[in-house]
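Below you'll find the structure, written out as C-alpha cells, and then a few comments.
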Amino acid sequence: MGKLPLEGIRVADFTQVIQGPFATMMLAQMGAEVIKIETESRTQGESRNGAGFARLNTSKKSVTLNLKDPRGVEVAKSLVKTSDIVIENFATGVMERLGVGYEELRRVKPDIIMLSSQGLGRTGPLSDAIAYFAEVLNFAGMSHLAGHKDDTPGIMGGMWLDYYTGLLLVLAMLAALHRRQETGEGQYIQVCMAENAIASMPEAFLDYSVNGRDAGPQENRDVAMAPHGAYRSRGFDKWVAIAVTNEEEWSAFCKATGHTEWVKDDRFADPVSRWHHQEELDKLITQWTLQRTDYEAMHILQKAGVAAGPILDMAGLANDPHLNERGFLIPLGEREGKPYLHLTHPWRSSSVPQPFYKLPSEFGADNNYVLGELLGMSEAEIARLAKDNVLS
C-alpha cells in the first residue's frame, strides 16, 4: 500500500463552525497535515467538547494564537510561510482586519493557495451579511421549495448544505494544488455557499427562467413521479420512502403490494393521472405500509425492483445492519469515559491506506510542535509568548 495522497501537504486552518472544518477534516484524513489555529475568544470549552466539534476536527493538530496581538499575527504568517494552503470562513473582511488577508499572505508566500468561503460571498451588497445554514437556505430558495402548501417555508433538517459546500471546498483546493504543481502559481479561491445551494437545484431555476413558472412548495412529492413520498409504517413514528419512476416499476409495485387492481384503475392508469390523484393513491399505499415495518416494506419493494427504504432516525442509523457491515462507524477511543465513534471517510480507495483517523487534539496540544519544530522557536521564546497571552 502506498502513502496517503496528500502526505507532504500542510494546511493552515482558520476555519470555524461546520463547512470549513469539514473540508479540512477531509484533507487531514487524506494525509495532509492540518494545523487548526484556535483562540480562546472563539473556541469556548463547552462548544469545543461538543459532538459537532469532535466530529469535524478529528485528525488535525491544534495551535493557539491570539490574532488580536501583532505577535500572534506574525506567528500565523510564519506558519503560512511553511504551508501550502490557507483556508478561512470568517465573515467578509475579518482576515484583512486581522492582517492575514490574501494580499498580505501572498507577500509572505507568493505561491500560497488561499480559500475563503462565505454564506453570501465576498462581493455584492450583501457581502457583509451574517449568514448561517438557515439564512442561506432561505436566501437560496430552498426553504421555499421544501415547505408545505399553505404553510410556512420548510427548513430542511441537518446542516447538509455546510457539508455539501465543504466537499466543494475540497474539490477547489485539490484543483488548485494540481494547477500549482503544473505552473508553480498559487491562487485565491472564493466560494459562495448560497450560490452553491442554488446550483444544486437547477431544474426549479431553469423552469422559472424558461417558463416563468414557480414550482412552489414540494412537500415530499416530485414534480413528475407518483407515487413519491414518505409513508407511515408499523411501529411508533416509523416511515418508509417509496418512489416509482416508470410504468414497469408501477406494475411491479402493484403486484408486490398485492393490489394489481390499481393498474386498471382509471385514476392511476398513467403517470399524469397518478400525479393528479396523489392524495387518493397515498391513502391506499399507507393502508399497505401500516401493516409492515419499514424494513419489511423496503425488502418487499426492493425485491420487485422498486426504490424504497426506511426513514431512519439516529438510533436507526447507529444500528442499521447495512452501515455496520460496511464499517461505517469507527471506534477512536474514549472521551470523558464515553466511547467515541467516528463516521468513516465518505469514499474508499483500493490503492491507498485507510484514511488517517485520530481523536481531536486538545486545545493547543501541538503548540510546541508548531512553534518549536516547524517555526524554530526556542523554549524561552515559546514560554514568553505563553506568558504574554499570545498563545491563547
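When Glu182 is tested against the conditions (1) surrounded by 15 or more Cβ atoms within 10 Å (Cβ to Cβ); (2) acidic (Asp, Glu); (3) over 22 Å from Met26 (Cβ atoms), the lone failure is (1).
Name the single residue, out of those in region 134-144 being under 20 Å from the mean Cα position of the chain (by Cα) and more than 15 Å from Ala91 (Cβ to Cβ), that is surrounded by the fewest Cβ atoms within 10 Å (Cβ to Cβ). In this case the residue turns out to be Ala134. Ser116 meets each of the listed conditions (1) out of contact with any Asp or Glu (no Cβ under 8 Å at 6 or more places or on another chain); (2) modelled with pLDDT of 85 or more; (3) polar (S, T, N, Q) apart from (1).
How many of the residues in region 329-349 are part of a strand (DSSP E or B) and over 17 Å from Lys60 (Cβ atoms)? Before the answer, list the steps.
Restricting attention to region 329-349, the residues satisfying the condition of being part of a strand (DSSP E or B) are 329-335, 338-343.
With the extra rule that they be over 17 Å from Lys60 (Cβ atoms), the set shrinks to 329, 331, 334, 338-339, 341.
Here the count works out to 6.
For Ala194, which of the numbered conditions (1) touching a residue at least 24 places away in the same chain (Cβ under 8 Å); (2) among the small types (Gly, Ala, Ser); (3) not assigned by TED's automatic domain parsing to the domain that holds Thr24 fails to hold? The single condition Ala194 does not satisfy is (3). Among all positions in region 330-345, there is no residue which is over 30 Å from His228 (Cβ atoms), without any contact (Cβ under 8 Å) to a residue 12 or more places away in the chain and surrounded by 12 or more Cβ atoms within 10 Å (Cβ to Cβ). Against the list (1) surrounded by 14 or more Cβ atoms within 10 Å (Cβ to Cβ); (2) over 29 Å from Leu6 (Cα atoms), the condition Ala176 fails is (2). Within region 304-322, residues that are part of a strand (DSSP E or B) sit with their Cβ atoms under 6 Å from residues that are of a type in the set (Phe, Trp, Tyr), at 6+ positions apart or across chains, in these pairs: Pro310/Tyr295.
Name the residues in region 350-377 that are exposed (fewer than 14 other Cβ atoms within 10 Å of the Cβ) and modelled with pLDDT under 85, would you? Listed by number, the residues that qualify are Ser350, Ser351, Pro353.
Test Gly327 against the stated conditions and say whether it is loosely packed, with under 15 Cβ neighbours inside 10 Å, more than 30 Å from Arg234 (Cα to Cα) and without any contact (Cβ under 8 Å) to a residue 40 or more places away in the chain. Let's see the steps before the verdict.
Working: loosely packed, with under 15 Cβ neighbours inside 10 Å: yes; more than 30 Å from Arg234 (Cα to Cα): no; without any contact (Cβ under 8 Å) to a residue 40 or more places away in the chain: yes.
No: the conditions fail for Gly327.
Results for (1) polar (S, T, N, Q); (2) assigned by TED's automatic domain parsing to the domain that holds Leu27; (3) on the phi < 0 side of the Ramachandran plot, shown as yes or no for each residue.
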residue: Asn246; (1), (2), (3): yes, no, yes
residue: Lys255; (1), (2), (3): no, no, yes
residue: Asp265; (1), (2), (3): no, no, yes
residue: Asp270; (1), (2), (3): no, no, yes
residue: Gln302; (1), (2), (3): yes, no, yes
residue: Gly305; (1), (2), (3): no, no, no
residue: Lys338; (1), (2), (3): no, yes, yes
residue: Leu343; (1), (2), (3): no, yes, yes
residue: Phe356; (1), (2), (3): no, yes, yes
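Looking at Tyr164, Tyr208, just one residue is assigned to a helix (DSSP H, G or I), assigned by TED's automatic domain parsing to the domain that holds Ala134 and modelled with pLDDT under 90, and that residue is Tyr164.
The values are calculated or read from the model by the stated rules, or taken from the named source; none is laboratory data. On a predicted model such as this, the values are computed, not experimentally measured, just so you know. Note that we place each Cβ from the backbone using ideal geometry, even for glycine, and neighbour counts take in every protein chain shown.
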